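Chemist: Handing you a structure now.
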Amino acid sequence: MLTTPQFSGLQGPARDLLLERLKKTRTRIASAASRYGRAPESVGLVGIAKGHPAEAIAVLAEAGLRDFGENYLQEALPKLAALAPLTERHGLTWHFTGQIQANKTRPIAEHFHWVHTLDREKIAIRLNDQRPHYAPPLQVCIQVRLVDEPGKGGVTPEELPALARTVSGLPRLCLRGLMCLPPPSESFDTQRARFEQLARYREALNAQGWALDTLSMGMSDDLEAAVAAGATWVRIGTALFGERRPPGGQTPLA
Ligand SMILES: *Cc1c(COP(=O)(O)O)cnc(C)c1O
């Protein structure tokens, strides 16, 4: 078995709990996939690690999870640095899933493989310019705001085609699909209807000549509805890592 001496802090019950949650989450994805006639491997799992220490990520990486998401650069960069050996050993893929500030695009372009939350032309151009020449193109989803919520990220459906055209013209970005983060809803039918809306926006773009293969949608509380509607990435935080610390809070060693 592989060991990571620098992360030996997370052992015992905390580790067992993470492994148990990983198993449960995978089972939820597999049962939803089978219920809706999809291959379980067509639904990718991104572990959203904001508010959780590198040690917790390491446990899940050692257990076979390969995709991890971060929302806040200030928190993410030290964790990425600490996990660099593990990233290399296991070929981990890092997803940026937070709101992007125009003056902070460089570290995203340099350290991440995917960006799920692109919603502005200016950001697209900066990410393209700052993507290092030695790295493959940055894999990108455009975030779409399905429900009008002031202050929330995402383009409106009306703005989507123009941003998709811009991104397609940028050689260091590869437009893969769409992402949404709808407001929480208790109702499965409401959740599913919103996710199906995102799926229709992708179909509309594909009918105009794009070949988008990605729908990033579904979190801990609504992953089944997202799988029903065709999610190819579900972004799971709490159900995998447990309750998280608030943004800006310390992430202590476990
Ligand atoms: C925090 C976050 C998640 C995970 O949310 P959970 O409800 O904890 O699973 C997924 N996507 C984005 C964009 C997030 O910010």
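The values are calculated or read from the model by the stated rules, or taken from the named source; none is laboratory data. Bear in mind the structure is a predicted one, so any value in this text is a computation, not a measurement. Counting neighbours? That spans all protein chains shown, and the Cβs are built from the backbone with ideal geometry, glycine included.
Here is a yes/no grid of residues against (1) more than 13 Å from the ligand (Cβ to nearest atom); (2) buried (at least 18 other Cβ atoms within 10 Å of the Cβ); (3) closer than 17 Å to Thr97 by Cβ:
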| residue | (1), (2), (3) |
| --- | --- |
| Pro184 | no, no, yes |
| Asp189 | yes, no, no |
| Glu196 | yes, no, no |
| Gly209 | yes, no, no |
| Met217 | no, yes, yes |
| Ala226 | no, yes, yes |
| Phe241 | no, yes, yes |
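Chemist: Looking at Arg202, Arg176, which is the one that is in a strand (DSSP E or B) and away from the ligand (no atom under 14 Å from the Cβ)? Break it down into steps so the answer makes sense when it comes.
Modeler: Numbers: Arg202 fails: in a strand (DSSP E or B).
Residue meeting the stated conditions: Arg176.
Chemist: Which residue out of Thr87, Thr97, Thr105, Thr117 is among the β-branched types (Val, Ile, Thr), more than 23 Å from Leu181 (Cβ to Cβ) and under 19 Å from the mean Cα position of the chain (by Cα)?
Modeler: Details: Thr97 fails: more than 23 Å from Leu181 (Cβ to Cβ); Thr105 fails: more than 23 Å from Leu181 (Cβ to Cβ); Thr117 fails: more than 23 Å from Leu181 (Cβ to Cβ).
Unique residue meeting the criteria: Thr87.
Chemist: Being assigned to a strand (DSSP E or B) and under 21 Å from Pro246 (Cα atoms) is the filter here; which residues of the stretch 38-84 pass it?
Modeler: Taking the stretch 38-84 first, the residues assigned to a strand (DSSP E or B) are 44-48, 67-70.
Matches in the stretch 38-84: Val46, Gly47, Ile48, Phe68, Gly69, Glu70.
Chemist: Considering only residues that are free of Cβ contacts under 8 Å to residues at least 40 places away in the same chain and within 16 Å of His111 (Cβ to Cβ), which ones fall in the stretch 140-175?
Modeler: Across the stretch 140-175, the qualifying residue is only Val140.
Chemist: Would you mind stating whether Gly237 is within 11 Å of the ligand (Cβ to nearest atom), on the phi > 0 side of the Ramachandran plot and surrounded by fewer than 23 Cβ atoms within 10 Å (Cβ to Cβ)?
Modeler: Values: within 11 Å of the ligand (Cβ to nearest atom): yes; on the phi > 0 side of the Ramachandran plot: no; surrounded by fewer than 23 Cβ atoms within 10 Å (Cβ to Cβ): yes.
No.
Chemist: I'd like the full set of residues that are farther than 15 Å from Val147 by Cα and of a type outside the set (Gly, Ala, Ser), limited to the stretch 158-177. Lay out the reasoning, then the answer.
Modeler: Going residue by residue through the stretch 158-177, those that are farther than 15 Å from Val147 by Cα are 161-177.
Correct list: Pro161, Leu163, Arg165, Thr166, Val167, Leu170, Pro171, Arg172, Leu173, Cys174, Leu175, Arg176.
Residue-by-condition table, conditions (1) at pLDDT 95 or above; (2) touching a helix residue (DSSP H, G or I) at 6+ places or on another chain (Cβ under 7 Å); (3) part of a helix (DSSP H, G or I); (4) not basic (Lys, Arg):
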{"site": "Thr166", "(1), (2), (3), (4)": "yes, yes, yes, yes"}
{"site": "Leu181", "(1), (2), (3), (4)": "yes, no, no, yes"}
{"site": "Glu186", "(1), (2), (3), (4)": "no, no, no, yes"}
{"site": "Arg192", "(1), (2), (3), (4)": "yes, yes, yes, no"}
{"site": "Trp210", "(1), (2), (3), (4)": "yes, yes, no, yes"}
{"site": "Met219", "(1), (2), (3), (4)": "yes, no, no, yes"}
